[in-house]
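Engineer: Quick one: this structure, given as structure tokens, is what I'll be asking you about.
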Amino acid sequence: MSAVIAVIDYGMGNLHSVAKALEHVAPLARVRVTQRATDILEADRVVFPGQGAIGHCMQELARLDLVETVRRAAREKPFLGMCLGPQALMTHSDENGGIAALDVFAGDVHRFPEGLRDAHGLRLKIPHMGWSCVQQIRPHALWAGIEDGARFYFVHSYHLAPADPALVAGETEYGIRFATALARANVFAVQFHPEKSAAAGLQLLANFAAWDPDRTA
């Protein structure tokens with residue numbers, strides 16, 4: 001039987017592009033875009049994508065009765081968070097005066113400060129939108145075949161601030177240096193959009209589709 005990859009559908013994010021990218025890199029897998037808890041918990045691996053506001057994300061997860069389902073999937077299965085996904089995995093976001101998130105990873109989500117400038121002194125726009133380099137802070141199976149410093153596509157105004165620096169697997173510079181990839185046990189979460197990140201993004205998705213956390217880092 002082919003493996004099943006569940007893509008969590010809570011009404012936010014470019015789910016079609018995510019599903020098509022996974023189907024491309026894992027043609028033998030069954031990719032299921034779903035809002036059903038049973039589909040998520042029965043899948044072999046789970047992808048948690050998204051874009052937009054964290055408050056809306058948490059409201060929709062609650063409305064669909066998926067909050068505990070996502071937490072359980074993040075405990076039990078190979079789990080990939082993308083863009084808004086990793087922000088939702090944190091404890092708290094500063095957005096809209098403060099939003100309680102899923103608390104899978106201890107830490108906060110902060111808005112980029114105003115007045116950011118690049119190495120040449122030029123003012124940087126918020127949101128951070130476009131291609132930026134990701135430095136691999138430590139080895140991981142999902143970095144296999146991806147050059148350190150490879151460029152990925154970002155769209156975000158808030159950044160991850162984990163309580164434990166050991167969680168950080170990748171960092172990016174955008175006026176400040178911030179975490180762009182977090183990893184622990186069976187969970188890998190990235191601030192960027194792998195499905196929009198050309199060859200490097202497809203390689204990361206292919207690595208995830210083949211990842212066995214019990215056997216590799």
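Engineer: Grab the other residues whose beta carbon is less than 15 angstrom from that of HIS140, score K and R as +1, D and E as -1, and report the net.
Structural biologist: Working: positive: ARG138, ARG184, ARG215; negative: GLU147, ASP148, GLU171, ASP212, ASP214.
Net charge in that neighbourhood comes out at -2.
Engineer: Could you list the residues of region 85-101 with an amide nitrogen less than 15 Å from a label point located 7 Å from the Cα of ALA166 in the Cα-to-C-beta direction?
Structural biologist: Taking a point 7 Å out along Cα→Cβ of ALA166, no residue of region 85-101 has its backbone N under 15 Å.
Engineer: Continuing with the same structure: Could you pull the Cα extents of the chain along its three principal axes, largest to smallest, in whole Å?
Structural biologist: Largest to smallest, the principal-axis extents are 55, 38, 30 Å.
Engineer: In nm, to one decimal, how far is the modelled label at HIS16 from the one at GLU76, with both set 7 Å along Cα→Cβ?
Structural biologist: 3.3
Engineer: With n ≥ 4 as the cut-off for DSSP H runs, can you work out [θ] at 222 nm for the chain, using -39500 (n - 2.57) per run divided by the number of residues, rounded to the nearest 500?
Structural biologist: Values: 6 runs with 56 residues, N = 217.
Helix contribution divided over all residues of the chain: -7500 deg cm²/dmol.
Engineer: Could you tell me which of rounded, prolate or oblate describes region 86-190, using a ≥ b ≥ c as the square roots of the eigenvalues of the alpha-carbon gyration tensor, with rounded for a/c under 1.5 and, failing that, prolate when a/b is larger than b/c and oblate otherwise?
Structural biologist: On the way: a/c = 2.12, a/b = 1.05, b/c = 2.01.
Note, shape of region 86-190 comes out oblate.
Engineer: Of the candidates ASP44, ASP164, ASP103, which one comes out as most mobile in a Gaussian network treatment of the chain with C-alpha springs shorter than 10 Å?
Structural biologist: Evaluated over the chain, the most mobile residue of the options is ASP164.
Engineer: At 1.4 Å probe radius, can you tell me the per residue accessible area of region 58-209 in Å²?
Structural biologist: Working: 6450 Å² over 152 residues.
Heavy-atom accessible area per residue stands at 42 Å².
Engineer: For region 84-140, which whole-number percentage of the solvent-accessible area (1.4 Å probe, protein heavy atoms only) is attributable to carbon and sulfur atoms? Working shown, then result.
Structural biologist: On the way: 1600 of 2960 Å².
The C+S portion of the solvent-accessible surface of region 84-140 is 54 percent.
Engineer: As a test, work out the antiparallel percent of DSSP beta bridges whose residues both lie in the chain, rounded to the nearest 5. Can you show the working numbers first?
Structural biologist: Working: 28 of 45 bridges.
Around 60 percent of the beta bridges assigned by DSSP in the chain are antiparallel ones.
Engineer: Please report the spacing between the Cα centers of region 18-72 and region 134-200 in Å, no decimals.
Structural biologist: Answer, in whole Å: 20.
Engineer: Follow-up question, since we're still on this one. About the Cα centre of region 142-196, what is the dipole size in debye to 20, counting +1 per Lys and Arg Cβ and -1 per Asp and Glu Cβ, all else neutral?
Structural biologist: Numbers: 4 positive and 6 negative charges, 24 e Å.
Using Cβ point charges on Lys, Arg, Asp and Glu, region 142-196 gives about 120 debye.
Engineer: Peptides 195-208, 51-64, 125-138: what's the order by average Cβ count within 10 Å, highest mean first?
Structural biologist: Numbers: 195-208: 20.2, 51-64: 17.3, 125-138: 15.5.
Descending packing order for the listed peptides: 195-208, 51-64, 125-138.
Engineer: Would any residue of region 1-19 have its amide N under 13 Å from a label point 7 Å out along Cα→Cβ of LEU28? List them or say none.
Structural biologist: Hits in region 1-19 for LEU28 at 13 Å: 1-4.
Engineer: Treating only the Cβ atoms of Lys and Arg (+1) and Asp and Glu (-1) as charged, compute the dipole magnitude of region 112-217 about its Cα centre; round to the nearest 20 debye. Mind dumping the intermediate values first?
Structural biologist: On the way: 9 positive and 10 negative charges, 45 e Å.
Computed charge dipole of region 112-217: roughly 220 debye.
Engineer: For region 16-166, what is the charge dipole size about the Cα centre, in debye to the nearest 20, if Lys and Arg each add +1 at the Cβ and Asp and Glu each add -1 at the Cβ?
Structural biologist: Numbers: 16 positive and 17 negative charges, 61 e Å.
Charge dipole of region 16-166: 300 debye, to the nearest 20.
Engineer: Follow-up. Over the chain, calculate the relative contact order: mean separation of alpha carbon pairs under 8 Å at least 6 apart, over the residue count, as a percent.
Structural biologist: Values: 482 pairs, mean separation 43.0, N = 217.
About 20 percent, as a whole number.
Engineer: Something else: For GLY201, what is the net charge nearby, where nearby means another residue's Cβ is under 10 Å from its Cβ and Lys, Arg count +1, Asp, Glu -1?
Structural biologist: Numbers: positive: ARG151, LYS196; negative: GLU195.
Here the count lands on +1.
Engineer: How much net charge surrounds GLN59 when only the other residues with a Cβ under 14 Å from the Cβ of GLN59 are counted, with Lys and Arg +1 and Asp and Glu -1?
Structural biologist: On the way: positive: ARG63; negative: GLU60, ASP65, GLU95.
Charge balance in the 14 Å sphere: -2.
Engineer: Using only the Cα atoms of region 1-116, build the gyration tensor, take square roots of its eigenvalues as a ≥ b ≥ c, and label the shape rounded, prolate or oblate: rounded if a/c is under 1.5, else prolate if a/b is larger than b/c, else oblate. Please list the in-between numbers first.
Structural biologist: Values: a/c = 2.14, a/b = 1.67, b/c = 1.28.
The shape class here is prolate.
Engineer: Check the straight Cα-Cα distances from LYS20 and name the aspartates and glutamates below 12 Å, setting aside those fewer than 8 residues away within the same chain.
Structural biologist: GLU195
The values are calculated or read from the model by the stated rules, or taken from the named source; none is laboratory data. Source: prediction; values computed, not measured. Note that each Cβ is placed from the backbone with ideal geometry, even for glycine, and that neighbours are counted across all protein chains shown. Please note that ligands, DNA and RNA were not included when accessible areas were found on the heavy atoms of the full protein model with its side chains. Shrake-Rupley method; radii C 1.70, N 1.55, O 1.52, S 1.80 Å.
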